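Quick notes on the structure that follows.
The values are calculated or read from the model by the stated rules, or taken from the named source; none is laboratory data. This is a predicted model, so every value here is computed, not measured. Because the Cβ atoms are built from the backbone with ideal geometry, glycine has one as well, and the counts that use them run over all protein chains shown.
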Ligand code: ATP
């Protein structure tokens, strides 16, 4: 039976500020992650994602609430969790790539990990750099080494804060595939935060959206798509048009004029609004050439939830 890898219960975290009002980073955050799941933690800047991740890996203590790993009584995060945090402070600058891996394995009390270290260096194409100090690696290599260091600790739960930030297209794609493999083949449980919706859509089956320190949505990506029923259409118009009036009433993006045609995308929630838009185009004597129905994306759903931050859909 699949057990719960992580249970976060009513976390609240306030940062006291000198001579200013305290910042409430987490108000009352609860969620759980099953073993082997890859879950996305999403939210706009300042939503509380990093604070939640830091609480889970024991770097900061929440004011109230509890965190349980693998339904066990022992809740020492170091036993269960490795994290790659935002930024580049996950590895030791003066140590070489190999020394970093050895250090993090040792931290976990692991020995005889040489074959594993070799395999990680190879997997992340770092074998030629194994004796290079971390500070002399490129940003992408440092990020891969940070992930390697979290893997060598051998924990079953991985927390990845913005794992693909600063990576080139190929490395980011390789890393996504690798994250999926870690869950499907090695049974790792992964909680990942990212602002890149493509990354989240690629690897996460379920997302937890937080805003202002509260969970606004917690569901499978497909369910959220059904729930919000947002359709994205691509319109092609014959000629050059100013779309100011239409932009006032509709959620238009990527409008551009190329080769005698005006193109734009629009997110519509109901068939009513689709017909209203067609009406407006007709009234403005705009000549419509083509309408394409595109798949809705997580990004539109995310924007919808964040912009209507009134009621949650948990
Ligand atoms: P981002 O996407 O920008 O990384 P986030 O969702 O990770 O944002 P947090 O870094 O958790 O958000 O921040 C949540 C809130 O707590 C913000 O208002 C932030 O300014 C505040 N905060 C975070 N760390 C501290 C700190 N050490 N001292 C005071 N306030 C803090």
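Among 12, 19, which is the only one that is loosely packed, with under 13 Cβ neighbours inside 10 Å and over 29 Å from residue 137 (Cα atoms)?
Numbers: 12 fails: loosely packed, with under 13 Cβ neighbours inside 10 Å.
Step by step, each of 12, 19 is checked, and only 19 is loosely packed, with under 13 Cβ neighbours inside 10 Å and over 29 Å from residue 137 (Cα atoms).
Hey, among 154, 140, which residue is more than 16 Å from the ligand (Cβ to nearest atom) and under 19 Å from residue 38 (Cα atoms)?
So the residue among 154, 140 that is more than 16 Å from the ligand (Cβ to nearest atom) and under 19 Å from residue 38 (Cα atoms) is 154.
From the list 210, 252, exactly one residue is touching a strand residue (DSSP E or B) at 6+ places or on another chain (Cβ under 8 Å) and farther than 21 Å from residue 288 by Cα. Which is it? Write out each step before concluding.
Working: 252 fails: farther than 21 Å from residue 288 by Cα.
Among 210, 252, only 210 is touching a strand residue (DSSP E or B) at 6+ places or on another chain (Cβ under 8 Å) and farther than 21 Å from residue 288 by Cα.
Go through the stretch 27-50 and report how many residues are more than 8 Å from the ligand (Cβ to nearest atom) and part of a loop (DSSP other than H, G, I, E, B). Steps first, please.
Taking the stretch 27-50 first, the residues more than 8 Å from the ligand (Cβ to nearest atom) are 27-42.
Filter again for part of a loop (DSSP other than H, G, I, E, B), leaving 35-37.
So the answer is 3.
Only one of (1) more than 15 Å from the chain's Cα centre (by Cα); (2) at pLDDT below 90 is not met by residue 198, so which one is it?
(1)
Okay, residues lined up against (1) modelled with pLDDT of 90 or more; (2) within 16 Å of the ligand (Cβ to nearest atom):
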residue	(1), (2)
52	yes, yes
55	yes, yes
62	yes, yes
78	no, no
87	no, yes
94	yes, no
108	no, no
129	yes, no
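Quick check on my filter: what residues within the stretch 142-167 are outside any helix (DSSP H, G or I), over 16 Å from residue 87 (Cα atoms) and out of contact with any strand residue (DSSP E or B) (no Cβ under 7 Å at 6 or more places or on another chain)?
The answer is 154, and nothing else.
Across the stretch 122-132, which residue is surrounded by the fewest Cβ atoms within 10 Å (Cβ to Cβ) among those that are in a loop (DSSP other than H, G, I, E, B) and in contact with a strand residue (DSSP E or B) (Cβ under 9 Å, 6 or more places away or on another chain)?
131
Among the residues of the stretch 275-292, is any within 30 Å of residue 47 (Cα to Cα) and under 31 Å from the mean Cα position of the chain (by Cα)?
no
Does the stretch 13-26 contain any residue that is modelled with pLDDT under 90 and away from the ligand (no atom under 12 Å from the Cβ)?
There is at least one residue in the stretch 13-26 that is modelled with pLDDT under 90 and away from the ligand (no atom under 12 Å from the Cβ).
For residue 224, all conditions in the list (1) at pLDDT 85 or above; (2) at negative phi hold save one; what is the number of the exception?
Just one mismatch for residue 224, condition (1).
Which ranges mark the helices (runs of 4 or more DSSP H) fully within the stretch 195-280 that have 1 or more residues being closer than 30 Å to residue 181 by Cβ? Write out each step before concluding.
Values: elements: 197-203, 221-228, 244-249.
In the stretch 195-280, 197-203, 221-228 are the helices (runs of 4 or more DSSP H) which contain 1 or more residues that are closer than 30 Å to residue 181 by Cβ.
Residues checked against (1) touching a helix residue (DSSP H, G or I) at 6+ places or on another chain (Cβ under 8 Å); (2) in a loop (DSSP other than H, G, I, E, B); (3) crowded, with 17+ Cβ neighbours inside 10 Å:
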{"site": "75", "(1), (2), (3)": "no, yes, no"}
{"site": "83", "(1), (2), (3)": "yes, no, yes"}
{"site": "87", "(1), (2), (3)": "no, yes, no"}
{"site": "94", "(1), (2), (3)": "yes, yes, no"}
{"site": "101", "(1), (2), (3)": "yes, no, yes"}
{"site": "105", "(1), (2), (3)": "yes, no, yes"}
{"site": "109", "(1), (2), (3)": "no, yes, no"}
{"site": "120", "(1), (2), (3)": "yes, no, yes"}
{"site": "140", "(1), (2), (3)": "yes, no, yes"}
